[in-house]
Amino acid sequence: MNNFAEKLLIWFDRHGRHDLPWQQERTPYRVWVSEIMLQQTQVATVIPYFNRFMARFPDVRTLAAAAEDDVFSHWSGLGYYARARNLHRAAKIIVEQHDGVVPTTIEQISALPGIGPSTAGAILAQACNQRHPILDGNVKRVLSRYYGFTTWPGEKHTETQLWNRADELTPDKRVADYTQAIMDLGATLCTRRNPRCGDCPVENDCAAAATGQVHVIPATKPKRGLPTKDATFMMVQNSSGQVLLVKRPPTGIWGGLWTLPEVPPNENPAQWSHRVLGVALNESRTLPPFRHTFSHFHLNIKPIYSISTQRGHVMDDGAYSWYNLAETSKLGLPTPVKRLLQQLDNKETS
DNA sequence: GAATCGTGGCA
DNA sequence: TTGCCAAGATT
């Protein structure tokens, strides 16, 4: 075993994380779900979602048989909702094509939707102790510093180099522990800001530490300012207190989730609602706007509260429906929509 | 290669 | 308040 892996494993035995939920009862299914949730999402955020998800969907067949809205509702607030849709799709594929057993070859698991090169390696390393390299944000940061790479890890050539180094360093034995160890190092010591080099087991071999470049590696992504967009959301209630929600198309922002109807720019809400939704508004008033920041733009959300006399279903394609406030928790709702519905609920219960 | 896709924590 | 970005994959 190479020097790097040896030192890392010794450190991991004493200082690594050994009590994460998906490390207990370490099945391919549980590891798979955890790895999907952990894409671009920190451990502390994932843990409660993972526990709730596992309580509701304890195995592949349960997940495959569930309604999509049920899956989305357990993902609501976690973000990147295409992950939930792909997870659900993959579960169905596993039931239909793999007899309900999560495949454990790199080719078969990589073919499932939502599983890329790093996630595929992570699942098989963690759950099956198979020797595969991973290259997530932690590993990119650790290896960039260790080898003194000063170019941005997202660049193609740099990423290829990192994959090659990651593969070289991955040992034949204790692959699951090694994989967890290098991620733990990146998450707890070799952090983006304020790294604790004094506690690092490989500080003596680290190029960035030797040249004093730890704080400038990894290089930051070329940045650009975030554009700002406006959106008007309608909060329409009928005389029964039900609220009108819209199921969004599967692609784009909040794909497949339910949101409040969004009035197009330069449209009169009253006319638009009547023409498009078939809902006549009795009274309307604007509520305080607030800003929601996405990865690539700011969204200024302008809520309008309205009363409608209409009951029952709107339209007939299932894209628009009235919901009682109490049952909206069963739907997949993005965070700002939950916030607006909470305001309605407070108004009713107070 | 570049754009897209969420949310919460942090300085 | 604002910008940055974290256990990436898909198009």
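The values are calculated or read from the model by the stated rules, or taken from the named source; none is laboratory data. Not measured: the values here are computed from a predicted model. Cβ placement follows ideal geometry from the backbone for every residue including glycine, while neighbour counts extend to all protein chains displayed. Ligands, DNA and RNA are stripped out before the accessible areas are found, and what is left, the full protein with its side chains, is counted by its heavy atoms. Shrake-Rupley method; radii C 1.70, N 1.55, O 1.52, S 1.80 Å.
Summary of values
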| read-out | value |
| --- | --- |
| All positions within region A:164-221 that are among the small types (Gly, Ala, Ser) and under 23 Å from A:Gln23 (Cα atoms) | A:Ala166, A:Ala176, A:Ala181, A:Gly186, A:Ala187 |
| Residue match in region A:112-130 (condition: within 16 Å of DNA strand B (Cβ to nearest atom), out of contact with any helix residue (DSSP H, G or I) (no Cβ under 8 Å at 6 or more places or on another chain), at pLDDT 95 or above and farther than 30 Å from A:Leu9 by Cα) | no |
| Sole residue being under 15 Å from A:Leu38 (Cβ atoms) and of a type in the set (D, E, K, R), chosen from A:Asp136, A:Asp172, A:Asp99 | A:Asp136 |
| Hits in region A:18-70 (condition: outside any helix (DSSP H, G or I) and among the hydroxyl-bearing types (Ser, Thr, Tyr)) | A:Thr27, A:Thr41 |
| Lone qualifier among A:Ala210, A:Ala219 - being part of a helix (DSSP H, G or I) and either surrounded by 11 or more Cβ atoms within 10 Å (Cβ to Cβ) or among the hydroxyl-bearing types (Ser, Thr, Tyr) (or both) | A:Ala210 |
| Residue list for region A:77-91, restricted to those being more than 8 Å from DNA strand B (Cβ to nearest atom) and either open to solvent by less than 30 Å² (accessible area, probe 1.4 Å) or not assigned by TED's automatic domain parsing to the domain that holds A:Gly116 (or both) | A:Ala84, A:Leu87, A:His88, A:Ala90, A:Ala91 |
| A:Gly255 being closer than 29 Å to A:Asn86 by Cα, open to solvent by less than 40 Å² (accessible area, probe 1.4 Å) and of a type outside the set (Phe, Trp, Tyr) | yes |
| Which numbered condition A:Glu25 misses (of (1) farther than 30 Å from A:Asn204 by Cβ; (2) within 14 Å of DNA strand C (Cβ to nearest atom); (3) loosely packed, with under 15 Cβ neighbours inside 10 Å; (4) among the acidic types (Asp, Glu)) | (2) |
| Contacts under 6 angstrom Cβ, first residue in region A:222-241 being part of a loop (DSSP other than H, G, I, E, B), partner within 9 Å of DNA strand C (Cβ to nearest atom), 6 or more apart | A:Leu226/A:His298 |
